[in-house]
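A short worksheet on the structure shown next.
Derivation of every value follows stated rules applied to the coordinates shown; laboratory data play no part. Here the structure is a predicted model, which is why all the values come from computation and not from measurement. Cβ placement follows ideal geometry from the backbone for every residue including glycine, while neighbour counts extend to all protein chains displayed.
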Amino acid sequence: MDLRKLKTLIDLVSESNISELEITEAEGKVRIVKASPMATAPMAVALPLTAATPPAASEVARASASAAEAEAAAVETGHVVTSPMVGTFYRASSPGGKPLVEIGSNIKEGEPICIIEAMKIMNEIEATQAGTITKILCENGQPVEFGQPLFVIE
């Protein structure tokens, strides 16, 4: 296979939604695989972090202690619903829509209480326990991490 044809195929794969292309001809076989965005994203994030000045140990300890205190305070007052994934937190099922729950809402176990968008997929997060919503710990549109507290239910 000549180099121009190979370059054209590489461009085709990189500009399209396909992730893999395999072509077999009399001269041989070519397989082109596009790297997934998830595989390249950590590398792009890791490079700037290594060049940056690391935070002082006391700052890291203070931030960890603050997060731990916030979680401990929330745990003491009721059942904490945590994020099952990394994504973007939404209180309503559509932009400008009515929030699924408010502070004081009585909910049943399994009832949808928020949406987390991950990789362009909207995932309904359900209540893990019946009760009353006493705290909403995230803002609409805020990025959330795996295990981050979202709600407190009593």
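Within the same chain, lysines fewer than 8 places from Lys34 are excluded, and of the rest, those with a Cα less than 27 Å from its Cα are Lys5, Lys7, Lys120. Each residue in Leu3, Leu21, Leu150 was given a count of other beta-carbon atoms within 10 angstrom of its own, and listing them fewest first yields Leu3, Leu21, Leu150. Spherically averaged projected area of the convex hull of Cα atoms, segment 77-153: 4.5 nm². For Ile153, the residues whose modelled amide H falls within less than 5 Å of its own, excluding neighbours fewer than 5 places apart on the same chain, are His79, Val80, Val81, Thr134.
Using R₀ = 41 Å, calculate the FRET efficiency as 1/(1 + (r/R₀)^6) where r is the Cβ-Cβ separation of Ala26 and Glu117; round to 0.05. Here the calculated transfer efficiency is 0.30. Less than 5 angstrom separates the built amide H of Ser105 from those of Ile133, all sequence-distant by 5 or more or on a different chain. Residue-wise HN-Hα couplings along segment 27-35, as the Karplus relation 6.51 cos²θ - 1.76 cosθ + 1.60 with θ = phi - 60° gives them from phi, are 6, x, 10, 10, 10, 10, 10, 7, 5 Hz; Gly and Pro carry x. Within segment 76-154, the chymotrypsin sites (Phe, Trp or Tyr not before Pro) that combine a DSSP coil assignment with at most 16 other C-beta atoms in a 10 angstrom radius are Phe146.
The amide H of Val86, built 1.01 Å from its N in the peptide plane, has Phe146 as neighbours under 5 Å, considering only residues 5 or more places off or on other chains.
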